[in-house]
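What follows is a short report on a single structure.
The values are calculated or read from the model by the stated rules, or taken from the named source; none is laboratory data. Since the model is a prediction, treat every value here as computed from it, not as a measurement. Backbone-built Cβ (ideal geometry, glycine too); neighbour counts: all protein chains shown.
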Amino acid sequence: DAFATKLYHDGGKVRYAEARLQHACSTVAKLVKNRHFPTIEKQVDRVDRAFSKVGDDSGAGGEEIRDFALRHLREAMEHDAAQRLAKIWGIEYAIDEDEVKRAAEARRRRYIQWEDVMPGSIPSLISTPDLLCSEFALLNGNDAMGFDVEWAEESKGAALLQLATTSAAMLIDVPSLSATARGTEALEQTVGQLFAGPRTVVGFSCRQDLSMLRSSPYTGDAHWLTTTNAVVDVQPLVAQKVKKLRGLGLSRTCAHYFDKPLDKAEQCSLWTARPLTSEQREYAALDAWA
């Protein structure tokens, strides 16, 4: 909240409202997990007031946070709480199986899907040193590799590191690996060498991603990430080439190039939770692929 308010004064009204929305999504995910349902209303109200404060009467922010809350309640099978909130908000909440299937199909048509761009199943989480080293070998090559990072407010450093080529992806459990000397060594031999090597590693507005990786804990005398010379941030390059994409995020940039945006519903998920849901894993892998 303090950071969102600071953005209002220092970063501009739009960033203030977006920060409030992202904070509310993160909080709602935790509230659903802990079954603190009444507090969800307060978070939604805060988003409404934030967008009203900056003069945005489109209702986009309020619609997004309500959709996020109801979707997470549905995934948690908390239909009673979802129906109560939907009634308050004047939104139809259907639990008919056919309706649920139609809604899922509509999302598949609207957003980039894993099966649209990658062969095989959604990657699993890599949490052991041996698996990291063996899986990393499968991504060897000279083509560029995309990366993305997820984290949680309540923990230090990265909760998840995603790497992808155009044909494969991996999800790396940074907290589990960095908790042991062998895991830290494996991270240095794989991720550390990749980010310091000759192969291009592509990020999108990735300054904070790198900061989270550098601030991640480690076991031993030295951190597993010391150099990031291989990283290229493509956001300014995209903005330079296509002026209308200046300042836009990865999802809307994907919509320009692939005719579909990324589904950002899981962006504010609890990334420190284990196991990750299939929706979280798909979102994370697609971000790195994009």
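Residue by residue through region 82-106, note down the ones that are in a loop (DSSP other than H, G, I, E, B) and touching a residue at least 24 places away in the same chain (Cβ under 8 Å).
91
Out of (1) closer than 23 Å to residue 214 by Cβ; (2) surrounded by 15 or more Cβ atoms within 10 Å (Cβ to Cβ), the odd one out for residue 238 is which?
(1)
Picking from 228, 253, 272, which residue would you name as being closer than 28 Å to residue 72 by Cβ and outside any helix (DSSP H, G or I)? First the steps, then the outcome.
Details: 228 fails: closer than 28 Å to residue 72 by Cβ; 253 fails: outside any helix (DSSP H, G or I).
The conditions single out 272.
List, please: which pairs have Cβ atoms under 8 Å, are six or more places apart or on different chains, and start with a residue in region 221-239 that is assigned by TED's automatic domain parsing to the domain that holds residue 193 and end with one that is charged (D, E, K, R) and buried (at least 17 other Cβ atoms within 10 Å of the Cβ)?
222/188; 224/185; 224/188; 225/188
Output yes when any residue across region 191-206 is over 30 Å from residue 248 (Cα atoms) and modelled with pLDDT of 95 or more, and no when none is. Write out each step before concluding.
Filtering region 191-206 down to residues over 30 Å from residue 248 (Cα atoms) leaves 193.
Still in the list and also modelled with pLDDT of 95 or more: 193.
For region 191-206, residues over 30 Å from residue 248 (Cα atoms) and modelled with pLDDT of 95 or more: present.
Okay, residues lined up against (1) modelled with pLDDT of 85 or more; (2) more than 20 Å from residue 151 (Cα to Cα); (3) in contact with a His (Cβ under 9 Å, 6 or more places away or on another chain):
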residue: 3; (1), (2), (3): no, no, yes
residue: 6; (1), (2), (3): no, yes, no
residue: 11; (1), (2), (3): no, yes, no
residue: 45; (1), (2), (3): yes, yes, no
residue: 76; (1), (2), (3): no, yes, no
residue: 90; (1), (2), (3): yes, yes, no
residue: 110; (1), (2), (3): yes, yes, no
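Among the residues in region 177-185, are any out of contact with any Pro (no Cβ under 9 Å at 6 or more places or on another chain) and surrounded by fewer than 19 Cβ atoms within 10 Å (Cβ to Cβ)?
Scanning region 177-185 turns up at least one residue that is out of contact with any Pro (no Cβ under 9 Å at 6 or more places or on another chain) and surrounded by fewer than 19 Cβ atoms within 10 Å (Cβ to Cβ).
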